[in-house]
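Notes for the one structure printed next.
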Amino acid sequence: MRDFGQLEAQVMERLWAAGRPVTVRTVYEELAAERKIAYTTVMTVLDKLHRKGWLLREMIDRAYVYAPVRSREAYSADLMREALSHSHNSPGTLAAFLDQLTVAEARQLRTALDEAARRPARKQPGKRASS
Amino acid sequence: MIAAIALVAYALAVAVTLPRFLRGAAWTARAPRLAIAFWQAASVSIVGALVLAGLVLALPTASLAGGLAGVLHSCEMAIREAYASAGGLALTSTGMVLAGTVAARTMWCLTAALARASRLRTHHRAVLRMVGRPSAALRATIVDTPAAAAYCLPGRSRDIVLTTGALRALSNEQLDAVLAHEHAHLRGRHHLVIAASQALLNAFPRVPLFAIACGEIGRLLEMLADDAAARQSDRTMVATALVALADAQTPAAALAAGGPSALSRVRRLLAPADPLGRARTAGGFCLVAVALLAPILIAVAPAGAAIGMSWCSTPDSHTSSASAATTLSERAPA
């Protein structure tokens, strides 16, 4: 059912791009223009997304109208918050390359790099000297 | 009884002395994998020693003379003798409680930690699937957000996540270094190492070593991944990637999680590589093996001594030990 996951993502994409509540028909017409898809499939996907909590649903003029619960940016921000804060000790262990730093800490990193760049290039002098 | 005391003493000795030798020692930065092995061996041997201490108390060592029948016979006798006296019973039950609770708590916390981590990752992944775009070229998922971040999501489907902010901040070579670092985390299944160390901390929060080990292991795993990335590109490149990302970040409020570690990583990468050397690393791993085996050796030492005595004994003394056993059963109170 991996295709279904991809389809759900594509439908969410449309919903976010639309910027306003849309009907099943609107989403169907947009998708059908690019690929072979059945109306009932679109209906099922939208219903599923609603049940999973991604979409709000309202009945307007005897047709269902869907809208995203939150913006894409909001979800992205959540992801980043989860990934970056306490990532080493987070239960999910998301292992960020670099954790969140304060301004002072970031500056310290930059200073360390600049200092190293200013040092004259050395070729492992310690090892040579001792052997 | 002596074995049990020795085992508890061993556990205490490891718990008290190891952090003093290991934490912040300069050599750990030169051989992070060995240092991690030391922390893990210390944790395992402390738990193992306590469980064995309990078992040794609960199941008094049987003489292994006389084959299997002899073992069962003397086992049964020793247990009877232990239960016969009030002191013996107290000792036996203490042993069972000790072994039981330590083992059960450890297993419980391990499974709970792994399950919780898996749940959180599944939720994160579900959102990632909707919000992110897979990039076949980078073999990663891209999230469109200004925050400059790169991280990996371990588990069954090993994902690497990059933000558009990170892609803007990093050059191609720096990006390669970051990807190599994250791949090292995934390949080495470091999330399991971290989960295990956290589980022990949750299980026995009063033992300082487990808390220290948690922090140290996290730090050392980052060094390990940095080294792997440096092997693919070079040390300076990894360092500049760290700094580039740091510069591009929107800074955190005062309570940041990983600040000091990032600086030490950069400094370590900018200094020339200085590995510990094969001989000393091999010696270190031997010590790790000793630490792991020590509790087992201490636990079976009395039995080993008994075997030794029965092997060395003449046929006469063998029968006399058997008759001594029968006399014991006659003497055992009804």
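The values are calculated or read from the model by the stated rules, or taken from the named source; none is laboratory data. Note that the coordinates shown come from a computational prediction; the quantities given were computed from them, not determined experimentally. Cβ: placed from backbone, ideal geometry, glycine included. Neighbour counts: every protein chain shown. For the accessible areas, the whole protein counts, side chains as well, though only heavy atoms, and no ligand, DNA or RNA atoms are used. Shrake-Rupley method; radii C 1.70, N 1.55, O 1.52, S 1.80 Å.
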*Taking amide H positions as placed 1.01 Å from N in the peptide plane, with prolines and chain starts having none, which residues 5 or more places from B:L153, or on another chain, fall under 5 Å of its amide H?*
B:D159, B:I160, B:V161
_Label-point separation, A:D47 to A:T102 (7 Å along Cα→Cβ), nm_ = 5.4
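Multiply the residue gap between B:A137 and B:R278 by 0.36 nm, knock off their C-alpha separation, and tell me the result in nm, one decimal place.
Details: separation 141, 0.36 × 141 = 50.76 nm, distance 3.78 nm.
Value of the extension gain: 47.0 nm.
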*Any idea of B:R121's accessible area? Nearest 10 Å², probe 1.4 Å.*
20
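Would you mind giving the mean number of other chain beta-carbons within 10 Å of the Cβ of each residue in A:69-80, as a whole number?
Mean partner shielding for this stretch: 5.
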*Whole-Hz Karplus ³J(HN,Hα) for region B:128-143, in order, using 6.51 cos²θ - 1.76 cosθ + 1.60 and θ = phi - 60°, x for Gly and Pro?*
4, 4, 7, 8, x, 10, x, 10, 5, 4, 8, 6, 8, 9, 9, 10
*Euclidean distance between Cα centres, region B:142-200 to region A:18-36, Å*: 35
*For region B:142-184, average projected area of the Cα convex hull in nm²*: 2.9
_Pairwise burial A:B, computed as accessible area of each alone minus the pair, summed, 1.4 Å, Å²_ = 4400
*For region B:23-59 and region B:284-306, compute the distance between their C-alpha centroids and round to whole Å.*
13
_Along the Cα→Cβ direction, 7 angstrom out, place labels at B:R23 and A:A38. What is the inter-label distance in nm?_
6.4
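Working out 0.36 nm times the residue gap between A:R81 and A:R20, then minus their Cα-Cα distance, what length gain in nm do you get to one decimal? Show your work: numbers first, answer last.
Working: separation 61, 0.36 × 61 = 21.96 nm, distance 2.68 nm.
Gain on stretching A:R81 to A:R20: 19.3 nm.
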*With each pseudo-label sitting 7 Å past Cα toward Cβ, what's the B:M309-B:V290 distance in nm, one decimal?*
2.9
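Can you work out the FRET efficiency for the pair B:S85 and B:S157, with r the C-beta to C-beta distance and R0 = 51 Å, to the nearest 0.05?
FRET efficiency, B:S85 to B:S157: 0.30.
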*Let me know the mean shielding of B:184-193 by other chains, meaning the per-residue number of their Cβ atoms within 10 Å of its Cβ.*
2
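Within 10 Å of each Cβ in A:110-117, how many Cβ atoms from other chains are there, averaged over the peptide?
Details: counts 5, 3, 11, 12, 1, 2, 8, 3.
Counting Cβ atoms of other protein chains within 10 Å of each residue's Cβ and averaging gives 6.
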*Send over the semi-axes of region B:114-233's equivalent ellipsoid, whole angstrom and largest first, taken as the square roots of 5 times the C-alpha gyration tensor eigenvalues.*
28, 18, 12
*Per the Kirkwood treatment, what hydrodynamic radius in Å, one decimal, follows for region A:1-67 from the mean inverse distance over all distinct Cα pairs?*
11.9
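Taking 25 Å as R0, compute the FRET efficiency from the Cβ-Cβ separation of A:R110 and B:D234 and round it to 0.05. Provide the component values of the computation, followed by the final result.
Details: r = 19 Å, r/R0 = 0.78.
That pair, A:R110 with B:D234, gives E of 0.80.
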*Cα radius of gyration and Dmax for region B:1-58 (Å)*: 13.5, 44
*asked:* Using protein chains only and a probe of 1.4 angstrom, how many square angstrom of B:F21 are accessible, to the nearest 10?
replied: 150
